[in-house]
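The structure appears right after this line, and notes come after that.
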Amino acid sequence: MTASQTLFAKLWAAHEIMQRDDGTSLLWVDRHLVHEGSHHAFAKLAERGLRVACPDITFGVVDHYAPTRAGDVSPDIRRMIETLGDNARAQGIHLFDLTDPGQGIVHVIGPEQGLTLPGLVINCGDSHTSTHGAFGALAFGVGATEVAHILATQTIWQRRPKTMRMTVDGVLGPAVTAKDLALHWIALLGADSARGYAIEYAGRAIKALSMEGRLTLCNLSIEGGARLGLVAPDQVTFDYIAGRPFAPKGAAWDAALVDWAQLKSDKDAAFDREVRIDAADIAPTVTWGTSPEDALPITGCVPNPADMTGAKREQALAALDYMALDAGEPLDGIAVDQVFIGSCTNGRIEDLRLAAKVLKGRKARVPGLVSPGSKAVKQQAEAEGLARIFTEAGLEWAASGCSMCVGMNGDRVEAGKRCASSTNRNFRGRQGRGARTHLMSPAMVAAAAVAGHLTDVRPLLEGRT
Amino acid sequence: MSGWTTIAGRAVALPQANVDTDQLIPARFMSAPRSAGYGAFLLHDARQDQADHILNRFDGADVLITRRNFGSGSSREAAVYALVDFGIRAVFAPSFGDIFQGNAVNNGLLPARLTGDQIEMLIASLGANDAEATVDLATGSATIAGQTVSFDLDPVWQQKLVNGWDDIDLTAQHRDQIKAFRAARFAAHPWALPAS
């Protein structure tokens, strides 16, 4: 009898081509996703005169620099998009370019197109590749040197990470989402707490999440330091995948279901670290500082650095200075200049539905941008009447891309402006130089838009179904 | 990439936690080709906002001492290019961004872990000045501002830094094994190939 195994161990074993004496493993990569930022890696390949080893399982998409608003695109941005197109054509890689109906943010379209499947190893030169772990895939971001290596060999050298199981018991409260859960645990444990671990999310609250919720949670694993997050696939997963364009069909589908049924941690499997969280402890959560670990329930107040010591105190002082906040100020009431809904974290249909539920029949007091995570999400949101709710509330309905989460395409928050944002990073200058970002769920962003300040979304959803 | 075993240079302290990749290189600079040099982009906004920023005062620094979670965030290797092109060859911190530290080693930059107490001691010793620093990969030790410390580094990374190994060349030796693995995997699990 073989020893009990974790889901992670099963996935690792299924992809390990060999292990070196020093313990490093060579892993097979089932899917490699590239975007405009992969230009450094293609240049490395060209320098060596190499070709892409497996173009049939390499896919490209325009997202980081995709323009989302009408008007001229700067020559720099146009060149980035054209370079990806040139590289994809030269190497025979399927490309979702700006004219393709499948275009969108790489971590939104992977699942949407059926490219992301349980049991695969998925790599992309983007840290939020952890998103795809929501399907029970080993998915992690890599740098340009590693992208070049995968392009050239379809493999990657990895040290085996330790395993952590994060069990979330109980039920999330009304209007408390996967985003709140992620910010909650990162604040509780720290932005580097899961460094060196592969996290498996488990427990009743996780099983109850939709695919969209699981994607949000796994997406944010990297913000807690983990390279990857996992959720064991179940019927929710299979129902999501069935019928997607690149998903298996016919006999291959039947075989897949048999294989995927094995993708769970065995009952007695041992993890290197166990963390338990009670879903009932989680309120709608917002960040106040410049790291995702600087998060608190909306019912709380900006922390007081005077209550802290040493490096922690210096860090809090610097964060409050950058964010222009006063110690002890209630979070509910902090005025915002604008809002943003979108990104690989929270740009999916369910996110837009929840935000629209808050905004329906209401007006935003501040300007804002809504960028759906993909063209397919955009089309669905328009068909469901959500786009109209956003525009009638006074928000701008834009095209799909990474947009104002990272500002590469020119959608930026101006210096000194405060933005309530459904994105993943509140780093200094992330949304634009001097921009002040507060991370929260799309529902909470919608609430901030309606109130003109950070506020608890729960009263705004009372009586709305 | 050429390997190295020792550094003899100057160290400075950047006493901040969570110096993330968006700070190390703001996204707006990332469309530049590497050949243009990324050194000027390093901590661009902080250095422009603060004329007396430590890296403006000591632009010949080789070694950086900083607080926890350095290089957290994005997978952008450009953050490492900015450090390397500026002239930084080793960073000492209690913890590093996971993808960042791999990127660092792939570009000959040492991400060396020390305890929080060791880092605070070095920060206190350096203050707002630079000081002599030597780093030895063979012994895993460094002397910075007169203080000698042993640092924590994955032995695989140590070898890689010393030898300047290039993974693509190493992996090429396993070409046949990889080819066989692919064939066996997709034969046993045909669903793993994208449907066409």
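Values for this structure:
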quantity	calculated
The stretch B:1-74-the stretch A:51-112 distance, computed between alpha-carbon centres (Å)	30 Å
Three-way shape call for the stretch A:233-286 based on the alpha-carbon gyration tensor, with the a/c threshold at 1.5	oblate
Peptide B:13-26 - average C-beta neighbours from other chains (10 Å radius)	5
Stretch gain in nm, segment residue B:57-residue B:152, where the contour uses 0.36 nm per residue and the Cα spacing is subtracted	31.3 nm
Distance between modelled label sites at residue A:312 and residue A:99, nm, 7 Å Cα→Cβ extension	5.7 nm
Cβ crowding within 10 Å averaged over residues, with A:81-87, A:448-454 ranked highest first	A:448-454, A:81-87
Residue-averaged [θ]222 nm for chain A, counting only DSSP H segments that reach four residues, each worth -39500 (n - 2.57)	-9500 deg cm²/dmol
Label-point gap, in nm, between residue A:79 and residue A:267 - each point 7 angstrom along Cα→Cβ	6.2 nm
Per-selection Kirkwood Rh - chain B (Cα, Å, 1 d.p.)	18.1 Å
Peptide ranges A:119-131, B:46-58 listed from the most packed, as the mean C-beta count within 10 angstrom indicates	A:119-131, B:46-58
Added length on full extension, which subtracts the Cα-Cα distance from 0.36 nm per residue, residue A:259 to residue A:162	32.5 nm
Average partner coverage of A:415-428, which counts Cβ from other chains inside 10 Å	2
When each of A:264/A:360; A:375/B:179; A:207/A:357; A:10/B:160; A:10/A:378 is checked by Cα-Cα distance, pairs over 32 Å	A:264/A:360; A:375/B:179; A:10/A:378
Heavy-atom surface of chain A, accessible at 1.4 Å and reported per residue (Å²)	34 Å²
Highest-first arrangement of A:23-34, B:122-133, where packing means the average Cβ count within 10 Å	A:23-34, B:122-133
Anisotropy class of the stretch A:410-465 from Cα gyration tensor, a/c 1.5 cut	prolate
Distance from the stretch A:302-351 to the stretch A:192-220 (C-alpha centre basis), Å	23 Å
For residues of B:95-107, the mean tally of beta carbons on other chains within 10 Å	5
For the stretch B:6-165, share of DSSP beta bridges that run antiparallel, in % to the nearest 5	55 percent
Contact order normalised by residue count of chain A, Cα under 8 Å, 6+ apart, percent	17 percent
Descending principal axes extents, chain A, alpha-carbon based, whole Å	55, 54, 46
Modelled FRET efficiency - R0 25 Å, residue B:170 with residue B:196, Cβ distances, 0.05 increments	0.15
Computed E for residue B:47/residue A:16 - FRET, C-beta separation, R0 51 angstrom, nearest 0.05	0.70
Projected label distance in nm at residue B:184 and residue A:171, using a 7 Å step from Cα toward the beta-carbon	4.8 nm
Geometric extent, Cα atoms of the stretch B:1-107 - Rg, Dmax (angstrom)	12.8, 36
Choice from B:134, B:66, B:171 showing the highest fluctuation, given a GNM over chain B with Cα pairs closer than 10 Å	B:171
Orientation-averaged projected area, Cα convex hull of the stretch A:284-460 (nm²)	9.0 nm²
Carbon plus sulfur fraction of accessible area for the stretch A:284-460, probe 1.4 Å, in percent	49 percent
³J(HN,Hα), Karplus 6.51/-1.76/1.60, whole Hz, each residue of the stretch A:80-88, x for Gly, Pro	4, 5, 5, 4, 4, x, 4, 5, 5
Bridge type composition, the protein assembly as shown - antiparallel percent by DSSP, nearest 5	35 percent
Anisotropy class of the stretch A:113-246 from Cα gyration tensor, a/c 1.5 cut	oblate
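The values are calculated or read from the model by the stated rules, or taken from the named source; none is laboratory data. Note that this is a predicted model, so its numbers are computed, not measured. We place every Cβ from the backbone using ideal geometry, glycine too, and count neighbours over all the protein chains shown. Side chains are part of the model used for accessible areas, which takes the heavy atoms of the whole protein and leaves out ligands, DNA and RNA. Shrake-Rupley method; radii C 1.70, N 1.55, O 1.52, S 1.80 Å.
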